[in-house]
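The values are calculated or read from the model by the stated rules, or taken from the named source; none is laboratory data. Since the model is a prediction, treat every value here as computed from it, not as a measurement. Neighbour counts are summed over all protein chains in view; Cβ atoms, including those assigned to glycine, are modelled from backbone coordinates with ideal geometry.
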Amino acid sequence: MGILDKAFLVGSYLVAMLAIWSLRNKKSVGESRPPSDYYHGIAFGVLGIASLLLSIFGWGILGIMGEGTSNKLVAIVSSLIPFSWGMGLISRFYPRYEKFFLALMILGLGLITLSRFMDAPLMARIVYPVFHSTAALVVIATPIIMVKKGLMNFHFLTVSIGGAIISAAGISLAFLSAGRQLLFFSQAFVLMIFGPLLFTVVILYFWGLIRGEKS
């Protein structure tokens with residue numbers, strides 16, 4: 001890992017922590033904080049901690065360079081980000097579907113965990129795309145719909161862009177950790193773009209949430 005990669009990763013961690021601080025100090029309507037803030041906070045927390053750990057321990061902890069516990073955990077961690085992100089959007093804009101979507105994401109995370117610790121590659125090749133694509137569809141489509149309805153301004157569209165990027169990255173990492181390759185996302189290519197990609201995603205995510213509110 002080069003110095004530039006470490007700089008991008010540390011930058012991702014700092015932006016993620018800033019985002020969590022902003023969510024914590026955001027004025028909320030009513031006495032209680034909306035659940036969406038907690039879901040977004042989880043996504044930022046996982047992004048930030050993952051970036052910091054990568055900057056300290058290097059690419060080896062991604063688990064795509066060999067077998068072991070890290071190889072199994074990477075698929076789970078890479079799923080938490082889009083799943084939590086999707087939950088935040090569903091909770092905010094479609095609260096009546098929140099419990100259903102939460103149950104669906106918990107089921108997906110459980111199946112992904114089983115597929116890795118039971119060494120079931122066929123199961124993994126099915127559950128990764130299905131649940132990641134479901135979360136990605138929510139993350140990409142919801143901001144577009146909300147902007148079109150006039151409930152959020154155009155800055156909120158950066159959430160869709162960030163969601164598309166992180167979902168593609170998550171699926172690619174999951175395939176690599178299972179010993180396979182998704183399209184042109186080889187190990188060398190993924191490692192080359194991973195640092196700048198995480199930094200871009202956390203910036204887009206943060207910008208969309210903070211600047212996307214209608215004034």
Can you say whether ALA188 is at pLDDT below 85 and either exposed (fewer than 15 other Cβ atoms within 10 Å of the Cβ) or not in a helix (DSSP H, G or I) (or both), as far as the supplied structure shows? yes
Across the stretch 2-13, what is the total count of residues that are surrounded by 15 or more Cβ atoms within 10 Å (Cβ to Cβ), of a type outside the set (Val, Ile, Thr) and without any contact (Cβ under 8 Å) to a residue 60 or more places away in the chain? 1
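Table: residues versus (1) touching a strand residue (DSSP E or B) at 6+ places or on another chain (Cβ under 8 Å); (2) buried (at least 21 other Cβ atoms within 10 Å of the Cβ); (3) at pLDDT 75 or above.
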position: PHE57; (1), (2), (3): no, no, yes
position: GLY60; (1), (2), (3): no, no, no
position: THR69; (1), (2), (3): no, no, no
position: VAL74; (1), (2), (3): no, yes, no
position: TRP85; (1), (2), (3): no, yes, yes
position: PHE93; (1), (2), (3): no, no, yes
position: TYR97; (1), (2), (3): no, no, yes
position: PHE100; (1), (2), (3): no, no, yes
Could you check the stretch 146-159 and list, in sequence order, the residues that are free of Cβ contacts under 8 Å to residues at least 12 places away in the same chain and under 16 Å from ILE90 (Cβ atoms)? LYS149
Regarding ALA164, is this residue modelled with pLDDT of 85 or more and closer than 29 Å to PHE93 by Cβ? no
